[in-house]
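Quick notes on the structure that follows.
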Amino acid sequence: MSNWQELEHKYLMHTFERVPVTLVRGEGARVWDEDGREYLDFVGGWAVDSLGHCHPVVAEAVTEQVHNLIQTSNQFYTIPQIRLAELLVSNSCLQKVFFSNSGTEANEGAVKLARRYGQHHLNGAYEVISMTGSFHGRTLGMVAATGQAKHQQPYIPLPTGFINVEYNNIEAVKSATTERTCAVMLEPVQGEGGINLPDDNYLKMVRDWCDQKGILLILDEIQTGMGRIGTLFAYEQYGIEPDVMTLAKSLGSGIPIGAILAKYGASVFVPGEHASTYGGNPLACAAAYATLKFILDNDIAGNVREVGQYLISGLEGLKQKFQFITDVRGRGLLVAMEFNSDIGGSVLKACLEEGLLVNRLKPNALRFMPPLIISNDEVDEAIGILDEALSSVV
Ligand SMILES: Cc1ncc(COP(=O)(O)O)c(C=O)c1O
């Protein structure tokens with residue numbers, strides 16, 4: 001164990017089960033550790049490094065901004081924030097934006113917005129319906145929204161106003177809806193909860209139900225947005241439009257930023273009702289603008305569709321070969337491989353030894369979320385390493 005890892009154990013709270021690698025440099029889809037060892041990165045900062053590590057357009061935008069203006073406070077107008085909001089609005093179905101620093105914070109803001117909407121339009125309705133198997137973040141409110149006992153149990157009592165219902169079950173949404181409901185909140189494809197895809201028409205049925213009841217549909221696109229599943233936003237693939245959408249992760253290609261986007265009608269905050277010290281600061285917005293512009297100008301979502309399909313076929317090939325692989329599922333570059341026993345950790349370790357970084361989604365599953373600029377050749381390399389790793393664990 002390197003000295004850095006010993007120091008980490010000494011000084012940092014033990015909240016992460018870290019892989020014993022200390023990373024010091026990154027470029028494209030590759031990272032290097034302190035001993036100069038190279039790894040192909042299929043973790044991508046947990047679906048964050050959209051343009052890969054230290055992409056020149058992001059590095060240049062940040063460098064230029066850092067010499068001009070880093071932070072002002074939202075008491076003043078700043079140009080990068082306005083340019084980014086305009087670009088997001090002109091490429092989505094939403095019309096108003098609020099910037100935060102992280103995903104959970106964007107989701108908290110979205111729920112606050114829905115509660116204000118409830119006060120204005122729904123006789124004070126405040127409850128949000130969310131799904132089992134979801135993941136919306138780590139703040140107390142978002143732990144209550146996250147329908148997974150393992151995230152909720154350690155923090156009971158949780159904030160009230162959240163009802164978790166079964167995912168992919170429209171009847172469960174309908175029967176949980178009361179005069180107290182102001183919104184339904186969900187991830188179009190569940191990420192951390194297992195890469196769970198919506199059943200045909202499920203999202204459309206939820207949209208129709210929200211319209212029928214006059215309640216808001218909040219889509220958490222923190223993991224699926226910015227091209228990750230092959231369109232700039234996931235909702236485009238499901239024939240629906242949300243009233244409110246949250247973004248973070250890939251938005252800044254590694255520079256922390258989150259966003260709430262809303263339709264005009266749902267954009268009910270007035271000055272003083274919501275704020276953030278750092279949210280939308282010029283530095284983060286310059287990084288996100290450069291990221292989004294690159295994604296749009298270079299049809300990165302198209303690359304995700306093509307390479308994502310290639311990745312899924314490669315993984316399907318491995319499933320044919322290894323009987324203990326029970327499932328390969330996902331869309332674009334958000335893909336999971338599931339096993340019939342808890343070998344996720346051993347496969348991860350074997351991949352690491354061969355120079356591939358992967359994420360253990362569950363004890364019996366791995367998740368792949370590489371940078372969106374990845375090539376078929378890099379996928380071939382990863383599949384080759386996985387093949388060896390899987391052979392070594394049987
Ligand atoms: C769908 C979704 N929502 C919210 C979050 C929380 O984002 P953050 O970790 O930036 O707070 C995550 C993080 O994994 C996520 O995947």
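The values are calculated or read from the model by the stated rules, or taken from the named source; none is laboratory data. The model shown is predicted, which means the values in this text are computed figures rather than measured ones. Ideal geometry is used to build each Cβ from the backbone, glycine not excepted, and the neighbour counts take in all protein chains shown.
Being more than 23 Å from the chain's Cα centre (by Cα) and either surrounded by 19 or more Cβ atoms within 10 Å (Cβ to Cβ) or without any contact (Cβ under 8 Å) to a residue 60 or more places away in the chain (or both) is the filter here, so list the residues in region 350-368 that pass it.
Keep residues of region 350-368 that are more than 23 Å from the chain's Cα centre (by Cα), which gives 350-355.
Matches in region 350-368: A350, C351, E353, E354.
Taking A149, is it closer than 18 Å to V165 by Cα and away from the ligand (no atom under 16 Å from the Cβ)? Quick ask: steps written out before the conclusion?
Working: closer than 18 Å to V165 by Cα: yes; away from the ligand (no atom under 16 Å from the Cβ): yes.
Yes: the conditions hold for A149.
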query = Taking into account only those residues within region 183-218 that are of a type in the set (A, V, I, L, M, F, W, C), touching a Gly at 6+ places or on another chain (Cβ under 9 Å) and farther than 17 Å from N164 by Cα, which is nearest to the ligand (Cβ to nearest atom)?
reply = I195
message = Could you tell me how many of the residues in region 146-199 are in contact (Cβ under 8 Å) with a residue 40 or more places away in the chain and either aliphatic (A, V, I, L, M) or farther than 25 Å from F368 by Cα (or both)?
response = 16
query = Pick from region 17-38 the residues that are closer than 19 Å to S253 by Cβ and in contact with a Lys or Arg (Cβ under 8 Å, 6 or more places away or on another chain): which of them is surrounded by the fewest Cβ atoms within 10 Å (Cβ to Cβ)?
reply = W32
query = Just checking, how many residues over region 154-182 are part of a strand (DSSP E or B), away from the ligand (no atom under 15 Å from the Cβ), farther than 26 Å from E338 by Cα and within 25 Å of the chain's Cα centre (by Cα)?
reply = 2
message = So, D342, is that one of a type in the set (D, E, K, R) and under 19 Å from G330 (Cα atoms) or not?
response = no
remark   = Selection from region 241-256 of residues more than 11 Å from the ligand (Cβ to nearest atom) and either aliphatic (A, V, I, L, M) or at pLDDT below 95 (or both) yields V244, M245, I255
task = Considering every residue within region 230-240, establish whether at least one is more than 12 Å from the ligand (Cβ to nearest atom), in contact (Cβ under 8 Å) with a residue 12 or more places away in the chain, crowded, with 23+ Cβ neighbours inside 10 Å and not hydroxyl-bearing (S, T, Y).
result = yes
inquiry  = Under 7 Å between Cβ atoms, which residue pairs at least 6 apart in sequence (or on different chains) link something in region 299-326 that is acidic (D, E) with a partner that is modelled with pLDDT of 95 or more?
reply    = E316/V328
remark   = Within region 208-225, residues being out of contact with any strand residue (DSSP E or B) (no Cβ under 6 Å at 6 or more places or on another chain) and either free of Cβ contacts under 8 Å to residues at least 24 places away in the same chain or buried (at least 16 other Cβ atoms within 10 Å of the Cβ) (or both) number 7
Subset of region 135-154 [touching a helix residue (DSSP H, G or I) at 6+ places or on another chain (Cβ under 7 Å) and either farther than 18 Å from V184 by Cα or surrounded by fewer than 18 Cβ atoms within 10 Å (Cβ to Cβ) (or both)] = R138, T139, L140, H151, Q152
inquiry  = Please determine whether any residue of region 282-291 is within 16 Å of the ligand (Cβ to nearest atom), surrounded by 20 or more Cβ atoms within 10 Å (Cβ to Cβ) and not small (G, A, S).
reply    = yes
query = Looking only at region 40-72, which residues are farther than 19 Å from Y278 by Cα, surrounded by fewer than 21 Cβ atoms within 10 Å (Cβ to Cβ) and in contact with a Pro (Cβ under 6 Å, 6 or more places away or on another chain)?
reply = none
query = For region 257-280, how many residues are in contact (Cβ under 8 Å) with a residue 60 or more places away in the chain and either within 16 Å of the ligand (Cβ to nearest atom) or among the small types (G, A, S) (or both)?
reply = 13
